[in-house]
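A short write-up of the structure that comes next.
The values are calculated or read from the model by the stated rules, or taken from the named source; none is laboratory data. Please read all numbers here as calculations on a predicted model, not as lab measurements. Here the Cβ positions follow ideal geometry from the backbone for every residue, glycine too, while neighbour counts run over all protein chains shown.
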Amino acid sequence: MRRGQTPSDRDRILLPLRGWSLLVPSLAGLLVPALLFAAELPVPEAYATIQAALDVAEEGDVVSVAPGVYAENVRFVSNGVALRSRIQHGATIQGDGTYHVVTASTAPPLSSIANSIEGFVITGGVGPRHPIFASGGQQVLIKNNVITGNDEGIRIASGAVATIEGNLIQDNDPTFLQAGIKWAGASGTIVNNVITGSGVAIWIEVGGVEIINNSLVANPNYGMVFGLGGEIIKIRNNIITGSEIGIYASGGFELDRSGYVGQFLEIDYNLLWSNSEYDYYAALITYSPDGSAGGGSNTGPFDPMPGTSEVHSDPLLDPETGYGLLEGSAAIDAGDNDACPTIDLDGRLRPVDGNEPPDGSADCDIGAVEYLPEPRQLTSLIAGAVLLARLHRRRAR
Ligand SMILES: [Ca+2]
C-alpha cells in the first residue's frame, strides 16, 4: 500500500516496459525478475503538486510534470524514482529559499535505478541551501536542466554517485566562492554542461569524478577548484575561459608543485583562454620537518602533468548563445576522442568532422557543443525534408 494519497487506477498510467526489474529468489531457488508495477504519475492532472506525486512514487515510477511554474521545494521520498518535465524546460520548480529546491536523495533502501531530475528550470534557491542537493550512496542523474537565479547550483555531498549531464547552469551568484557545482561525492561524471556566471564553475572538495566536455565561461573567480589528496580526477575536453584562474588546486606538502598536482589531476585536451591571472595555479600548505603544519606555503602557477594537447587559443564563442563555437574556433576537432561523449549538450551525435573542407576524420570538439559546419547543417535539413516527404507519401498511400 502506498503512503498518503492513493490515486485510482485511472490516474496511474502503467508503464509495462519499465515493469521488469530486480532479481528475486524463486521457489526453485533460481533468481527470477520481480514485476514492479511501475507507473507514470502525472502532475498536475492526478497530483496537484510535484511533492504530492513524489510522496507516493515508488521505485521505477516516473513523476511526469506538465509545463507550468510549481512554487514548491520538493524532496524524493523513495529511491529509484524519475522526476521529469514532460517538455524540456517547460516546467519550472520555483523554490522559496527556505530549503533545497530539489532534494534528490533519501534514506536507504538504495535502488539500482538512479533518482533522476530531468528537463526542468530550477530557480529560487537562495541562502545556505543549494537548489539541487544529493547525498548518501544513492545514484543520482541530473540531466538537461536549466539552473538559474539561485545562489549556487548543484551540491553533491558525501557518498552520492552522480551523473551531471547537459545542464545549463547560468546567472546564479557570481560572488567569490559561490559554485555552479560543488562536489564531495563518491564517484561520477560531470559532462556536457555549460556553466556561466558563478563565482566558481566547478568545485571538487573531495571524491572521484570525471569532468568531460564542459564549457565554463565567464565565471569571475575560478573555472575549477580542487582539493587534492584523494582519488585521481580526469579533466578532459573542457573549455575554461573568462575567470581569474582557470584551474586552482590546493593540498598538502610538496615542493614540486606540478609533480604534486599531477599525482591527482589528469589534465588533458582542455582549452584555457583569457583567464586574467593564471590558467593553472596551486596553493600547497607546507609542513615543518616534524610533520606538523605551519611550515609555510608553496603557491604559484604549475604546469599540467602531463598536459597532453592542452589548447591556449581563442575558442571563438558564439555571442548569441555564449557557448556555441564559431567557424575557425580552436576548440573544433581539438578534443580527445577516447573521452568524447556520444552526444553533445543539444543531443546531437558527436564527434563530427568540423574541418572545412572536411578532412574525413570525425574528431571531438572541446566543450559542451559540437560544431557543425554550415553547408552540412543545410545538407541535414535537406535530408530531413526528404525523409519527411517520403513518410508523408507513405502515409498517403
Ligand atoms: Ca568535431
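Remarks
- Unmet criterion (only one of (1) farther than 19 Å from residue 187 by Cα; (2) among the hydrophobic types (A, V, I, L, M, F, W, C); (3) surrounded by fewer than 24 Cβ atoms within 10 Å (Cβ to Cβ)) for residue 110: (1)
- Of 258, 274, all but one fail to be away from the ligand (no atom under 14 Å from the Cβ), touching a strand residue (DSSP E or B) at 6+ places or on another chain (Cβ under 6 Å) and either without any contact (Cβ under 8 Å) to a residue 12 or more places away in the chain or within 17 Å of residue 224 (Cβ to Cβ) (or both); the exception is 274.
- Subset of region 317-329 [over 18 Å from residue 195 (Cβ atoms) and either within 20 Å of the chain's Cα centre (by Cα) or buried (at least 17 other Cβ atoms within 10 Å of the Cβ) (or both)]: 329
- Only strands (runs of 3 or more DSSP E) whose full extent lies in region 69-142 are considered here, and the ones with at least 2 residues that are farther than 19 Å from residue 47 by Cα and modelled with pLDDT under 95 are 132-134.
- The set of residues in region 119-134 that are surrounded by fewer than 19 Cβ atoms within 10 Å (Cβ to Cβ) and on the phi < 0 side of the Ramachandran plot comprises 126, 128.
- Selection over region 331-366 of residues that are more than 19 Å from residue 190 (Cα to Cα) and away from the ligand (no atom under 12 Å from the Cβ) gives a count of 2.
- Filter result for residue 255 (crowded, with 16+ Cβ neighbours inside 10 Å and aliphatic (A, V, I, L, M)): no
- Filter pass, residue 297 being surrounded by fewer than 15 Cβ atoms within 10 Å (Cβ to Cβ), touching a residue at least 24 places away in the same chain (Cβ under 8 Å) and either in contact with a strand residue (DSSP E or B) (Cβ under 9 Å, 6 or more places away or on another chain) or under 19 Å from residue 191 (Cβ atoms) (or both): no
Residues checked against (1) under 13 Å from residue 125 (Cα atoms); (2) touching a Pro at 6+ places or on another chain (Cβ under 6 Å); (3) in contact (Cβ under 8 Å) with a residue 40 or more places away in the chain:
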residue	(1), (2), (3)
151	yes, no, no
159	no, no, no
169	yes, no, no
180	yes, no, no
186	no, no, yes
194	no, no, yes
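- Looking only at region 354-375, and only at residues there that are at pLDDT 95 or above and among the charged types (D, E, K, R), the one that is farthest from residue 215 (Cα to Cα): 363
- The set of residues from region 156-179 being of a type in the set (S, T, N, Q) and in a strand (DSSP E or B) comprises 163, 170.
- Here residue 66 fits the description: surrounded by fewer than 17 Cβ atoms within 10 Å (Cβ to Cβ) and of a type in the set (Gly, Ala, Ser).
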